[in-house]
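In what follows, a structure is listed as structure tokens, so that the remarks can point back to it.
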Amino acid sequence: MSSARRVLQILLQFSEDHSETTVEEVAQLHAISLPSAHRYLALLREMYLVEERMRGVYVLSPQVLRLSSAAERSLNLATTSRPILQSLVAETQSTALIVKRIRDAAVCVAAVQPNESLAISFQPGHVMPLHRGAAAKVLLAAWTPLKRAEYLENHCAEMGTRQLRALEKELAAISEQGIAESESEVDSGIYAVAAPVSFGNQIVGAISLVAPSFAAGPRQRAKMRKLVLSASTDVSRLLLTD
């Protein structure tokens with residue numbers, strides 16, 4: 001049992017910010033000998049859970065990425081969040097959305113609208129870029145600075161240097177503050193505010209309130225910010241208890 005526990009501890013030391021390891025690092029982190037560290041990594045490689053990228057450097061294998069995708073799909077964001085979305089709509093008469101990331105895009109997985117439906121692009125199933133709109137930017141801001149830079153290089157080549165720097169600064173602020181706002185970025189005349197939804201330490205989605213700019217004065221926007229932050233906490237808590 002202690003050996004099995006050690007193998008799992010080594011597997012769990014990988015993260016988005018720590019994507020590779022070495023025999024020496026494993027030995028140091030887990031206070032074990034080099035031969036033991038090599039043996040545990042060899043077992044993980046035998047089970048196709050890690051790969052040796054170069055001599056002595058190990059990374060997670062695609063098999064683990066498949067497990068990660070399966071775990072993410074098991075989080076039913078749409079069903080779990082619907083009562084909270086309905087409550088937000090009742091309190092603000094604004095449209096409430098849940099958005100998640102799929103690869104390099106943002107996808108709306110649930111939406112609740114007031115009686116007077118608001119015509120917006122972000123509807124369930126619609127795919128949008130990660131650098132436009134409050135909810136999408138929350139998901140992009142959740143990435144490490146390196147991954148954000150890679151995304152911007154691959155998807156925002158048309159932007160000028162000044163625009164890119166402003167976007168990078170905005171994403172860093174969203175990451176630090178845990179909230180994003182946008183106006184007329186996806187649809188003209190539309191204000192949106194969004195906050196991250198997490199499962200444990202991982203951000204798995206974003207919850208957003210959307211309203212016409214003319215109907216969202218300073219007092220209403222402050223109310224929407226407060227409510228969306230509270231709702232993000234509620235949905236995150238529900239995901240842990242489902």
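Results, tabulated for the structure shown:
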{"read-out": "A136 closer than 21 Å to G178 by Cα and either touching a Cys at 6+ places or on another chain (Cβ under 8 Å) or not in a helix (DSSP H, G or I) (or both)", "value": "no"}
{"read-out": "Single match in E158, E170, E150 (criterion: in contact (Cβ under 8 Å) with a residue 24 or more places away in the chain and among the acidic types (D, E))", "value": "E170"}
{"read-out": "Extreme residue, modelled with the highest pLDDT, among residues of region 126-141 that are surrounded by fewer than 23 Cβ atoms within 10 Å (Cβ to Cβ) and more than 16 Å from R165 (Cα to Cα)", "value": "P129"}
{"read-out": "Of the criteria (1) modelled with pLDDT of 85 or more; (2) in a loop (DSSP other than H, G, I, E, B), which one E153 fails", "value": "(2)"}
{"read-out": "Lone unmet requirement of (1) farther than 16 Å from D234 by Cβ; (2) in contact with a helix residue (DSSP H, G or I) (Cβ under 9 Å, 6 or more places away or on another chain); (3) modelled with pLDDT under 90; (4) not small (G, A, S) for L75", "value": "(1)"}
{"read-out": "Candidate set from region 88-116 (those that are surrounded by 15 or more Cβ atoms within 10 Å (Cβ to Cβ), in a helix (DSSP H, G or I) and in contact with a helix residue (DSSP H, G or I) (Cβ under 8 Å, 6 or more places away or on another chain)); member that is modelled with the highest pLDDT", "value": "L88"}
{"read-out": "Members of region 188-225 found to be part of a loop (DSSP other than H, G, I, E, B) and buried (at least 18 other Cβ atoms within 10 Å of the Cβ), listed by number", "value": "A216"}
{"read-out": "Set L229, L209: member being of a type in the set (A, V, I, L, M, F, W, C), out of contact with any helix residue (DSSP H, G or I) (no Cβ under 8 Å at 6 or more places or on another chain) and under 15 Å from A96 (Cα atoms)", "value": "L229"}
{"read-out": "Residue list for region 156-170, filter: touching a strand residue (DSSP E or B) at 6+ places or on another chain (Cβ under 9 Å) and assigned to a helix (DSSP H, G or I)", "value": "E170"}
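The rows are residues; the columns are (1) more than 24 Å from V204 (Cβ to Cβ); (2) modelled with pLDDT under 85; (3) in the same structural domain as L146 (by TED's automatic domain parsing); (4) assigned to a helix (DSSP H, G or I).
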{"site": "H18", "(1), (2), (3), (4)": "no, yes, no, no"}
{"site": "A27", "(1), (2), (3), (4)": "yes, no, no, yes"}
{"site": "I32", "(1), (2), (3), (4)": "yes, no, no, no"}
{"site": "P35", "(1), (2), (3), (4)": "yes, no, no, yes"}
{"site": "H38", "(1), (2), (3), (4)": "yes, no, no, yes"}
{"site": "R45", "(1), (2), (3), (4)": "yes, no, no, yes"}
{"site": "E52", "(1), (2), (3), (4)": "yes, no, no, no"}
{"site": "V64", "(1), (2), (3), (4)": "no, yes, no, yes"}
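The values are calculated or read from the model by the stated rules, or taken from the named source; none is laboratory data. The structure displayed is predicted, hence computed values, not measured ones. Backbone-built Cβ (ideal geometry, glycine too); neighbour counts: all protein chains shown.
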